[in-house]
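The values are calculated or read from the model by the stated rules, or taken from the named source; none is laboratory data. None of the values given here were measured: they were computed from a predicted structure. When we count neighbours, we look across all protein chains shown, and the Cβ atoms used for this are built from the backbone with ideal geometry, even at glycine. Ligands, DNA and RNA are stripped out before the accessible areas are found, and what is left, the full protein with its side chains, is counted by its heavy atoms. Shrake-Rupley method; radii C 1.70, N 1.55, O 1.52, S 1.80 Å.
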Amino acid sequence: MIGKIVQTLGPWGPVLFGIGFLAPLIAQSMEALEIAAPFGLSFIQTGLLIGAGLGLAAKLRGRWI
């Protein structure tokens, strides 16, 4: 059962990493450096957009760099 879940979520690992790790990191960094979020978004919304975008790009390209 768990193996099936891991196989299903495995290819989406970069997107999940972008949402689960990069998004909060970006949001906290923006807040600590006092960088204003664009378009009236909150820090976490901006982090989620950037993190999910980077994760999706990594998934589609097959690599982070």
Requested in this report: May I ask you to give the solvent-accessible area per residue for the chain, in square angstrom, as obtained with a 1.4 angstrom probe?
Outcome: 75 Å²
Query raised in the report: Applying 1/(1 + (r/R0)^6) with R0 = 25 Å to the Cβ-Cβ distance of residue 7 and residue 56, what FRET efficiency is obtained, to the nearest 0.05?
Result: 0.80
**Report entry** Solvent-accessible area, 1.4 Å probe, carbon plus sulfur percent, for the chain
**Finding:** 72 percent
Requested in this report: Obtain the nm distance between the two label points defined at residue 16 and residue 34 by a simple spin-label model: each point lies 7 Å from its Cα along the Cα-to-C-beta direction.
Outcome: 3.9 nm
**Report entry** Order by protection proxy (mean Cβ within 10 Å, highest first), peptides 32-40, 9-17
**Finding:** 9-17, 32-40
Query raised in the report: Using the alpha-carbon atoms, what tilt in degrees (0 to 90, nearest 10) does helix 23-32 show relative to the longest principal axis of the chain?
Result: 20 degrees
**Report entry** Accessible surface ranking that places the most exposed of 30, 1 first, with a 1.4 angstrom probe
**Finding:** 1, 30
